[in-house]
Amino acid sequence: MGRELKRRVFYLLITCVLWGCSPSAVKSPSSAQQGTGLTAEQMREDLRQYRDAVLQSWAYLELKQSTQDVDVSRTCDQLLARITDDTTPQQFASLLREFAASLHDGHSEVLLRNIEEPLPYSWPIGLMLVREGIIVSSLNWLTDNPGVELGDRLIQVDGTPIEEYVTSRMAITSASTVDAQTVLTVDRLHWSSDPSVKLTFEKADASVFEAVFPCRPERIDFRFRKSEVFCTHSVRDDRIAYIRIPSFDWNSEAFAAASTDSERDQALVGAKSQIDESFAAAADASGIILDLRNNGGGLDLLSIYVAQHLVPGDFIYYETERRDSPLLRSLPRYHDMDARAFGTRLPQQPRNWTGFTHFSGQPFAGPLVVLINERCFSSTDNLCAFLRDARPRTTFVGRPTNGGTGEPVVVDTLSHSGANIQFCVSRVFSPMGRAIEGEGTKPDVQVDIDREGALKGHDADIDVALKLLASE
């Protein structure tokens, strides 16, 4: 059912992009602007400005045209036609996000500044995608439970069939592949435009249950919590080591405030020491399970430091090529760069980066199993692509990664709405020259999640990894 849902929402998504079936296109209040001063023509001018920035500076324009049938001008024209004098600022914000999502660039984002968030509420339950469909995975802050249970399958939202509802939300969810877009949409399905929602569920006995739930007046990410620990590790009696890295984001405020590479390196000391400790504990292991599931990325400097514990030598981690455009060159961050920084494909060898601490010990050379899923993104995608090319004794288990990488930059600020627009301005290639964007890393062993396993907390990925390493 989970796979069938992905197939069905894919075809519905194509219809949604072409004909405009998102919630922003359906609801049309009689009064527009409501205090923002935005006219329909100003909205159109902002959307055209967004389109022009993408056509001029987006690194993946040609790649996405050829591999994912992205047509920037056509999509813009379709969205322009949906703007009327009755379009509210919140509906316009959804149209901007729909344009961002249409690029199939996971880093493509619209950062609202002067427009109120169109999805400001959160349902009181968490959901997850499994083989059978979308099920309740947590009850979060639900205090007055009308009868919903963990594992109940969601089949309707406010009377709309779940496939249709998911499709409408996929239209405003940025991701680099359809699989990742589906999973991320379900992760954020609880974000709501209204203070209450009517949900319909199918119980385990096939009976149908329906109730109205009050929403919390804030956007909440129920799935992930920021941790003070960068990574964890353990070693089993059979000498199989387990290392879990939930994120490559670390000490971001201090890193952003640093003005020199030495200061930036100092901001990462805590994370690097934990990486050292984890791999030191696994030095004599018969094999390592490296768990990168749900790791949405962060700093390449940290993913590279992990790579140095697994691959010896002065390796090329990836190749990069930045788009050349007048708009990019006008940004302060690029003022002092020479011409070679634009339009040239450059191999990146991290050990040549002075000012940063590099691992100088002996890398682990034994068998490695990497656990991945659709939420592996950005610097995590880069690490997976590197290991695929540079480390033969590596097996990937789980689901395909997001396939999103590049150099995300806030390229422009829209003149009337004040929204910042972000997308990738550099392409990234694996050491062997493969495009990572839109492809990612496919597992050698695919493991799907089913409802029973999810409810019992059974980790099928770990089971497969242990069997693989036990057979080495």
Among the aspartates and glutamates, which have Cα under 15 Å from the Cα of residue 203 when same-chain residues fewer than 8 positions away are ignored?
132, 149, 152, 452
Would you please classify the overall shape of segment 228-377 from the alpha carbon gyration tensor, given that a ≥ b ≥ c denote the square roots of the eigenvalues, rounded means a/c under 1.5, and beyond that prolate means a/b larger than b/c while oblate covers the rest?
prolate
Read phi for every residue in segment 107-116 and hand back ³J(HN,Hα) as whole Hz from Karplus 6.51 cos²θ - 1.76 cosθ + 1.60, θ = phi - 60°, with x for Gly and Pro.
8, 6, 8, 10, 9, 6, 10, 10, 10, 5
Could you tell me how far the Cα centroid of segment 334-405 sits from the Cα centroid of segment 125-145, in Å?
34 Å
Quick one: 376, 215, 424, fewest Cβ neighbours within 10 Å first, how do they rank?
215, 424, 376
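By count of other Cβ within 10 Å, fewest leading, how are 231, 384 ordered?
On the way: 231 22, 384 29.
In increasing order of surrounding Cβ atoms, one gets 231, 384.
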From the phi of every residue in segment 401-417, what ³J(HN,Hα) in whole Hz does the Karplus formula 6.51 cos²θ - 1.76 cosθ + 1.60 yield, where θ is phi - 60° and glycine or proline is x?
6, 4, x, x, 7, x, 10, x, 9, 6, 7, 7, 10, 5, 4, 9, 7
Starting from the Cα of residue 467, draw a straight line to each of the aspartates and glutamates and keep only those under 16 Å, dropping any in the same chain fewer than 8 residues away.
237, 238, 291, 444, 459
Which order do 43, 128 fall in if you start with the one that has the fewest other Cβ atoms within 10 Å?
128, 43
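In terms of the ratio Rg/(2.2 N^0.38 Å) built on C-alpha atoms, what value belongs to segment 121-214? Before the final figure, lay out the partial values.
Details: Rg = 12.7 Å, N = 94, 2.2 N^0.38 = 12.4 Å.
Rg over 2.2 N^0.38 Å, computed on Cα atoms: 1.03.
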Amide H to amide H, which residues 5 or more places from residue 291 or on other chains are under 5 Å from it, using H placed in the peptide plane?
243, 244, 245, 371
With θ set to phi - 60°, apply the Karplus curve 6.51 cos²θ - 1.76 cosθ + 1.60 along segment 362-373 and write out the HN-Hα couplings as whole Hz, x wherever there is a Gly or Pro.
8, x, 6, 10, x, x, 10, 10, 10, 8, 9, 7
Which order do the peptides 52-64, 391-403 take when ranked by the mean count of other beta-carbon atoms within 10 Å per residue, highest first?
391-403, 52-64
For the chain, what relative contact order do you get, as a whole percent, if you take Cα pairs closer than 8 Å and at least 6 residues apart?
17 percent
Placed amide H near residue 249: partners under 5 Å, 5+ positions off or other chain
299
Report, by chain and number, residues whose modeled amide H sits under 5 Å from the one on residue 140, excluding near sequence neighbours (fewer than 5 apart, same chain).
126
Kindly provide the helix-only [θ] at 222 nm of the chain, computed as the sum of -39,500 (n - 2.57) over DSSP H runs of four or more divided by all residues, to the nearest 500 deg cm²/dmol?
-9500 deg cm²/dmol
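How high is the relative contact order of segment 197-292, in percent, counting Cα pairs under 8 Å that sit 6 or more residues apart? Could the numbers behind the result be given before it?
Working: 104 pairs, mean separation 27.5, N = 96.
Value for segment 197-292: 29 percent.
Can you tell me, using C-alpha contacts under 8 Å and at least 6 residues apart, the relative contact order of segment 197-251 as a whole percent?
Values: 43 pairs, mean separation 11.7, N = 55.
Normalised by residue count, the contact order of segment 197-251 is 21 percent.
Read-outs: derived from the displayed coordinates by stated rules, not from any lab. Since this is a predicted model, take the numbers as computed values, not measurements. Cβ sites come from the backbone with ideal geometry, for glycine too, and all protein chains shown count toward neighbours.
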